[in-house]
Amino acid sequence: MKNKQSIGVFDSGYGGLTVFKSIIGKLPEYNYIYFGDNARAPYGDHSFETIYQYTLECVEWLFAQGCPLVILACNTASAKALRSIQQNVLPYKYPNHRVLGVIRPTAEIVGEYTQTKRIGVMGTRGTINSESYLMEINKFFPGVQIAQQSCPMWVPLIENNEHLSPGADYFVEKYVNELLSKDSNIDCIVLACTHYPLLVPKIREILPPEINLLGQSDIVADSLVLYLQNHPELESQIAKEGKTAFFTSGDQEDFNSSASIFFGEEIVAIRASPY
């Protein structure tokens, strides 16, 4: 697929596959390359500088595979690397390439899901500490109040396939209750990590039914549909053969067995190193 232009989708590991699944569902005709940096995952607790460097290496690798457009299907990478790549790298080194994230599309519509104007955001430490959601949501809905909650145990539970076990109940209830204790008027919660949709059944068990639970998969996919419609000069470069290739920097067999949990079907990945 290297000589065919593709849409690149990047995540630090598996979570971006939940977004990728929705993208393919809405835009099945395009060629795609998915890359998971599993060898260095998770990104959530790394420094800004480390996340930026890791993300840039993976983005440049996808560019080299023939992807003029790359989606960062990772909240931590979107929070800590996207803006710097867009402002400091693309204009000078890759003026004809584009990199998009998952935070802005969510921020643009989240205000439509709250009546109380109180929103909760649940994510990794990296995403929460960056305050990217606070800044982006306030651009579009300045009257909304936002409470944040980091959930450091959720990604390890999911990646070890323990997210639906009884042992996960404690940590799901702990973080949800900690968030709601910060603001009892929250009526919309953003799951600001692409891993978290797999925990929705357990979250729903303890969450009051009147609270909206907002995932990102369909939001990001819908945003990409509009982006391609609005940028025909870029859209015309993407091959429309319906081909998909998966790559991981980690162990292929581990990736293939775990990725199916997120993607919903069997995956065969190729090992590749962007560094």
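The values are calculated or read from the model by the stated rules, or taken from the named source; none is laboratory data. Fair warning: this is a prediction, and the values are worked out from it, not measured in the lab. Every residue, glycine among them, receives a Cβ derived from its backbone with ideal geometry; neighbour counts consider all protein chains shown. Remember, those area values only see protein heavy atoms, side chains included, never the ligands or the DNA or RNA. Shrake-Rupley method; radii C 1.70, N 1.55, O 1.52, S 1.80 Å.
By a 1.4 Å probe calculation restricted to protein chains, Met135 has an accessible surface near 110 Å², given to the nearest 10.
Tyr170 sits with roughly 140 Å² accessible to a 1.4 Å probe, with DNA, RNA and ligands left out of the calculation.
Say the cut-off is 23 Å between C-alpha atoms; which of Lys182/Lys202; Lys21/Lys243; Lys26/Lys243; Lys93/Lys243; Lys21/Lys117; Lys80/Lys182 go over it? In this structure, Lys93/Lys243; Lys21/Lys117; Lys80/Lys182 exceed 23 Å between Cα atoms.
Suppose only helical runs count, i.e. DSSP H with n ≥ 4. What mean residue ellipticity at 222 nm does that imply for the chain under -39500 (n - 2.57) per run, divided by all residues and rounded to the nearest 500 deg cm²/dmol? Intermediate results must be reported in sequence, preceding the final value.
On the way: 14 runs with 124 residues, N = 275.
Here the helix-only value at 222 nm equals -12500 deg cm²/dmol.
Taking the chain as a Gaussian network of alpha-carbon nodes connected by springs under 10 Å, the highest mean-square fluctuation of the residues Ile119, Ile206, Ile85 belongs to Ile206.
With the simple spin-label model, which puts each label point 7 Å out from Cα in the Cβ direction, the Ser181 to Met153 separation comes to 1.4 nm. Summarising the amide proton neighbourhood of Gly8: residues at separation of 5 or more, or on other chains, whose placed amide H is nearer than 5 Å comprise Ile33, Leu69, Val70, Ile71. For Asn75, neighbours were defined as the other residues whose beta-carbon sits under 12 Å from its Cβ, and their charges (Lys and Arg +1, Asp and Glu -1) total +1. Were the residues from Ser165 through Gln53 laid out at 0.36 nm apart, the gain over their Cα-Cα distance would be 36.8 nm.
Of the beta bridges in the chain, as assigned by DSSP with both residues counted there, near 0 percent are antiparallel. Within region 123-146, name every residue whose backbone N is under 20 Å away from a label modeled 7 Å from Cα of Asp45 along the Cβ vector. Residues 123-131 qualify, since their backbone N sits under 20 Å from the label point. Once neighbouring chains are kept in place and the probe is 1.4 Å, which whole percent of the accessible area of the chain is contributed by carbon and sulfur? Carbon with sulfur: 48 percent of the solvent-accessible area. Neighbours of Asn256 by Cβ distance under 12 Å: Lys/Arg scored +1, Asp/Glu scored -1, total -4. With K and R counted +1 and D and E -1, the other residues having a Cβ less than 13 Å from that of Gly215 yield a net charge of 0. Here the chain is treated as a Stokes sphere of Kirkwood radius computed over C-alpha pairs; at 37 °C and 0.692 mPa s its diffusion coefficient rounds to 175 µm²/s.
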